[in-house]
Amino acid sequence: KRSKMAKVCFLLLFFCGTFLGANAQGCGKSAPRNGPHTITVNDPQAGTVNRRYRIFVPDKYNNQIRTPVLIDFHGYSNQGENQEEESGIRYSAQLNNFIAVWPTGLDDTADGSRDAYSWNAVGTVGSPGPFGDTCKWNARGVDNGYPCHVSCEKSRPCRDKSNAGSCDCSTCADDVLFVEKMLNQLEDELCVDSARVFLTGMSNGGMMVYQLAQSRIASRFAAISPLASSPLLGFGKSPNVPMPILEIHGSADRIIPANITIFNKGPSGSVESVDGFYYDTVDTALERYRQINGCKGDSTQYKTEYDGQTKFYCVHMFGSCAKGAVVRCSHSLGHTWPFGGGNKRRQYAAVVWKFFTEATSHLPYNESHVAVL
């Protein structure tokens, strides 16, 4: 009898803790306003800086029930507000009852002449790496086209105030630290389902997604979906924990190409972008996930309701994966959203959220968070 009673008590505590937000710091508190927020970060490279992010809390949010969070990273030169308007994630958050967050990268250019909001991720300020330079410009002694960032001057001197040194192409701020502090603040203010914190991002924002998956805080994220992005040559690593991944790339992307062709072959098995940088191919990047996610078997189709639009097609790259699916999606467009602009971006958000929901379907949940458009 005592054994049965103990099991009942455990299940009750588990149910309340998981579904009703017991012991979650932000549960029971009034939700912060939608829109812009700031947090002060003591950054080892950038100094004490106020970092910015935006949040959207859906109308159905209940501060007594733990709610998933999706963090959506913008590309180079954009900001959180641009990504909020463009990606379709806000629409999906309202429809599927999750909290959406859009951080803004740091624009600390030395001459202040450009909107160079960027993420320090997977080699953007790491060159040379284990395979040499991450771009062709350094060997030729010419500027790489990216501005100097003040945060880089301590450890990576710029050519001058207008031009970054070497192959540098972002701020040198500790963006992993920023995301960690931001997530701590979100969990303090909102009833967050810490088992369902997801990452997606476009271009340089997708590179930040890869960076977080291989960082010291990787265990705080449940699944990722980088869009139109890859690590720079020599800086991609296996995720620190098994991590479901949905990778989306356009076959006509020349900014961060997906595959090697006779026109864009870089050194050490990399692919060269139209602006002269060397990136991992998608196959190389996903091979790391195959190993840690325990994948076996042949590739099979991963079906979505938008298959065929812009030649959109997805596959389980390595068959069945014991510790998290590895899915690659391709479309016929370039360095952009898979289905085009406008409301078509909502379809991208729907595909991503469906994958995230499936990736965590084995975890206890209080209600279904999947809706159709």
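So for the stretch 195-211 (the condition being open to solvent by 10 Å² or more (accessible area, probe 1.4 Å), free of Cβ contacts under 8 Å to residues at least 60 places away in the same chain and under 18 Å from the mean Cα position of the chain (by Cα)), does at least one residue qualify?
No: the stretch 195-211 contains no residue that is open to solvent by 10 Å² or more (accessible area, probe 1.4 Å), free of Cβ contacts under 8 Å to residues at least 60 places away in the same chain and under 18 Å from the mean Cα position of the chain (by Cα).
Step by step: first the residues of the stretch 317-369, then only those that are in a loop (DSSP other than H, G, I, E, B) and among the aliphatic types (A, V, I, L, M), then the one that is surrounded by the most Cβ atoms within 10 Å (Cβ to Cβ). Which residue is that? Step through it out loud before you land on a result.
Let us first name the residues in the stretch 317-369 that are in a loop (DSSP other than H, G, I, E, B), namely 317-319, 322-325, 332-341, 360-369.
Filter once more, so that each one left must be among the aliphatic types (A, V, I, L, M): 317, 322, 325, 333, 363.
On the way: 317: 23, 322: 9, 325: 21, 333: 19, 363: 11.
Top of the filtered list is 317.
Note down all Cβ pairs under 6 Å where the first residue falls in the stretch 70-81 and is closer than 13 Å to residue 54 by Cβ, the second is of a type outside the set (Ser, Thr, Tyr) and open to solvent by 30 Å² or more (accessible area, probe 1.4 Å), and they're at least six residues apart or on different chains.
Between residues of the stretch 70-81 that are closer than 13 Å to residue 54 by Cβ and residues that are of a type outside the set (Ser, Thr, Tyr) and open to solvent by 30 Å² or more (accessible area, probe 1.4 Å), the close pairs are 74/82; 80/54.
Of (1) closer than 28 Å to residue 211 by Cβ; (2) at pLDDT 95 or above; (3) assigned to a loop (DSSP other than H, G, I, E, B); (4) in contact with a Phe, Trp or Tyr (Cβ under 8 Å, 6 or more places away or on another chain), residue 314 satisfies all except one. Which?
(3)
Take the stretch 212-237 and flag every residue that is among the aliphatic types (A, V, I, L, M), surrounded by fewer than 24 Cβ atoms within 10 Å (Cβ to Cβ) and in a loop (DSSP other than H, G, I, E, B).
Correct list: 217, 222.
On the basis of being under 24 Å from residue 171 (Cα atoms), at pLDDT 95 or above, among the hydroxyl-bearing types (Ser, Thr, Tyr) and more than 15 Å from the chain's Cα centre (by Cα), does residue 279 make the cut? If you could, list the steps in order and put the result at the bottom.
Values: under 24 Å from residue 171 (Cα atoms): yes; at pLDDT 95 or above: yes; among the hydroxyl-bearing types (Ser, Thr, Tyr): yes; more than 15 Å from the chain's Cα centre (by Cα): yes.
Judged against the criteria, residue 279 is a match.
Within the stretch 88-134, track down each residue that is charged (D, E, K, R) and under 30 Å from residue 60 (Cβ atoms). Please lay out each step first, then the result.
Here is the first cut: in the stretch 88-134, the residues charged (D, E, K, R) are 90, 107-108, 111, 114-115, 133.
Of everything in the stretch 88-134, just one residue is charged (D, E, K, R) and under 30 Å from residue 60 (Cβ atoms), namely 90.
Across the stretch 127-170, which residue is surrounded by the most Cβ atoms within 10 Å (Cβ to Cβ) among those that are in contact (Cβ under 8 Å) with a residue 40 or more places away in the chain and among the polar types (S, T, N, Q)?
Selected residue: 134.
So which residues in the stretch 173-193 are within 17 Å of residue 56 (Cα to Cα) and either among the acidic types (Asp, Glu) or touching a residue at least 12 places away in the same chain (Cβ under 8 Å) (or both)? Break it down stepwise before answering.
Within the stretch 173-193, the subset within 17 Å of residue 56 (Cα to Cα) is 179, 182-193.
Of everything in the stretch 173-193, those that are within 17 Å of residue 56 (Cα to Cα) and either among the acidic types (Asp, Glu) or touching a residue at least 12 places away in the same chain (Cβ under 8 Å) (or both) turn out to be 179, 182, 183, 185, 186, 187, 188, 189, 190, 191, 192, 193.
Identify, please: which residue in the stretch 97-126 is under 14 Å from residue 170 (Cα atoms) and among the aliphatic types (A, V, I, L, M) and is, among those, surrounded by the most Cβ atoms within 10 Å (Cβ to Cβ)?
For the stretch 97-126, the residue satisfying everything is 122.
Just to confirm my filter: which helices (runs of 4 or more DSSP H) fall fully inside the stretch 53-157 and include at least 1 residues that are of a type in the set (Asp, Glu)? Before you say what the answer is, go through the steps one by one.
Values: elements: 80-86, 89-96, 137-140.
Passing ranges, in order: 80-86.
What are the pairs with Cβ atoms under 8 angstrom where one residue, in the stretch 98-116, is among the aromatic types (Phe, Trp, Tyr) and the other, located anywhere, is in a loop (DSSP other than H, G, I, E, B) and surrounded by 13 or more Cβ atoms within 10 Å (Cβ to Cβ)? Sequence gap at least six, or different chains.
Matching pairs, first to second residue: 98/58; 98/369; 102/74.
Any residue that is outside any strand (DSSP E or B), open to solvent by 50 Å² or more (accessible area, probe 1.4 Å) and not basic (Lys, Arg) - is there at least one of those in the stretch 273-282? Write out each step before concluding.
Within the stretch 273-282, the first condition is being outside any strand (DSSP E or B), and the residues that meet it are 273-276, 280-282.
Still in the running and open to solvent by 50 Å² or more (accessible area, probe 1.4 Å): 274.
In the following step, the residues that additionally are not basic (Lys, Arg) were identified as 274.
Yes, the stretch 273-282 contains a residue that is outside any strand (DSSP E or B), open to solvent by 50 Å² or more (accessible area, probe 1.4 Å) and not basic (Lys, Arg).
Can residue 181 be described as at pLDDT 90 or above, open to solvent by 10 Å² or more (accessible area, probe 1.4 Å) and of a type in the set (Lys, Arg)? Give the steps one after another, and end with the answer.
Numbers: at pLDDT 90 or above: yes; open to solvent by 10 Å² or more (accessible area, probe 1.4 Å): yes; of a type in the set (Lys, Arg): yes.
Answer is yes for this residue.
The values are calculated or read from the model by the stated rules, or taken from the named source; none is laboratory data. These numbers were taken from a predicted model, which means no experiment stands behind them. Reconstructed Cβ throughout: ideal geometry from the backbone, glycine too, with neighbour counts over all protein chains shown. We work out accessible area using only protein heavy atoms, side chains counted, and drop any ligands, DNA or RNA first. Shrake-Rupley method; radii C 1.70, N 1.55, O 1.52, S 1.80 Å.
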